[in-house]
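The values are calculated or read from the model by the stated rules, or taken from the named source; none is laboratory data. Bear in mind that the values here come from a model prediction, so they are computed numbers and not experimental data. Positions of Cβ are generated from backbone atoms using ideal geometry, with glycine treated the same way; all protein chains shown enter the neighbour counts.
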């Protein structure tokens, strides 16, 4: 893999206590995987962690901002990734609860993909 920029290397260091971290360049930023689950995006020197309907309220309650980008047609798009609180970027210990929330969301998403939809009897 190519060399990481300083901020991405810092993010990887923050997440390493939770498991095996790898990164990949994508869409002008980076995708970060924890134990093969996609849990984060780094874009414009900002870390965004995966959320879902179960954990998003915790990020919102902490004042975290969502990942928003502008599409080619000029429309603004918000996706289910949120910045952790600023203090979480100070140490792996402070990041750990937020990264666990992101990993839990990734695990639920993976489970949903592998669990067949139940059919209702008509």
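Things worth noting here:
- Single match in 105, 57, 99, 93 (criterion: in contact with a strand residue (DSSP E or B) (Cβ under 7 Å, 6 or more places away or on another chain), part of a helix (DSSP H, G or I), more than 22 Å from residue 5 (Cβ to Cβ) and at pLDDT 90 or above): 105
- A residue that is within 17 Å of residue 36 (Cα to Cα), modelled with pLDDT under 95 and surrounded by fewer than 16 Cβ atoms within 10 Å (Cβ to Cβ) cannot be found anywhere in the range 79-87.
- Filtered residues of the range 1-37 (kept if within 17 Å of residue 97 (Cα to Cα), in contact with a helix residue (DSSP H, G or I) (Cβ under 6 Å, 6 or more places away or on another chain) and in a strand (DSSP E or B)): 21, 34, 37
- Within the range 76-90, no residue that is touching a residue at least 60 places away in the same chain (Cβ under 8 Å) and on the phi < 0 side of the Ramachandran plot sits with its Cβ atom under 8 Å from a residue that is buried (at least 19 other Cβ atoms within 10 Å of the Cβ) and part of a loop (DSSP other than H, G, I, E, B) at 6+ positions apart or across chains.
- Matching option when the condition is outside any loop (DSSP other than H, G, I, E, B) and touching a residue at least 12 places away in the same chain (Cβ under 8 Å), among 68, 42: 42
- Options 74, 63: the member that is at pLDDT 95 or above, over 15 Å from the mean Cα position of the chain (by Cα) and part of a loop (DSSP other than H, G, I, E, B): 63
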